[in-house]
Amino acid sequence: MSQVAPSKSQESSRTHIVPAHMSSEAPMKVWQIWPGAHIFCCDGRIMVGPDIKVTMFAAGLTTATCVAFWILVCPYLPMAACTGQVVFYLLTIAFMVATATTDPGIVPRNSSIDDATAAANAQANRFIEVNGVRIPLKWCRTCKIFRPPRAAHCSECNVCVERFDHHCPWMGQCIGRGDYRYFLGFVV
C-alpha cells in the first residue's frame, strides 16, 4: 500500500491554529494538535497523562487489595467497619480518577514564536515583583515561554506546569496547581 503525503495546506493546518472563517477545511481542535504527551478521550473532554497504563494498574492493585480485605477480614468484623472500608475505598478511587483526569495547571506554549526570537528571549532577563521582592522568570526552551514563579517543565508530559510539585507515575501525570487538592485527598 502506498501512502499519500499530506499537501502543504494540510501540514500547515495541523501545526497552526487557523480561524474557521479563513479555512475551507473543518477547523482542528486544540487537543488534536496538542504538543504535549497527554492522551485525550471523549473528543478532548478528558485529558490524562502519558502513563495511563500505570494508573490503571494502580487502581487495579487498590481494588484487589480491598477485595482481599472484604473476603478475608470483613466476615470477622462488625458491619460498620466493613461499610466504612467500602466508603474509604470509593473515596480513594474517586480522588485517584479526579487527580488523573484534572488539568494540573498546564501553562500554554508559545507556538507562534520563531527560533531566532526564542533564542533572544532566552538571553533576556525578566523579573516579576511579588510582595516587594524581585523574582527572575526562567525561560523554557521547549515551550518558548517565560515560566511563572514556581512553574517547572515536566520532561515526562512535555509541558510546563504551574506550582509544579512532581510527576507522579501512579497518577500518570504531573501534580501541580490544578490537581494538588485531589492528590492530597488520595494520599490521605
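Read the figures in this text as sums done on the coordinates, not as results from a lab. Nothing here was measured: the structure is a model prediction, and the numbers come from that model. A quick note on method: Cβ atoms are made from the backbone with ideal geometry, for glycine too, and the neighbour counts reach across all protein chains shown.
A few points about this structure:
- Of the GluC sites (Glu not before Pro) in segment 126-167, not one is in a loop by DSSP (not H, G, I, E or B) with at most 14 other beta carbons within 10 Å.
- Here LYS29 is the anchor, and the aspartates and glutamates within straight C-alpha reach of less than 12 Å, apart from those fewer than 8 places off in the same chain, are ASP43.
- Eligible aspartates and glutamates near LYS138 by straight Cα distance, threshold 18 Å, same-chain separation 8 or greater: ASP115, GLU129, GLU162, ASP165
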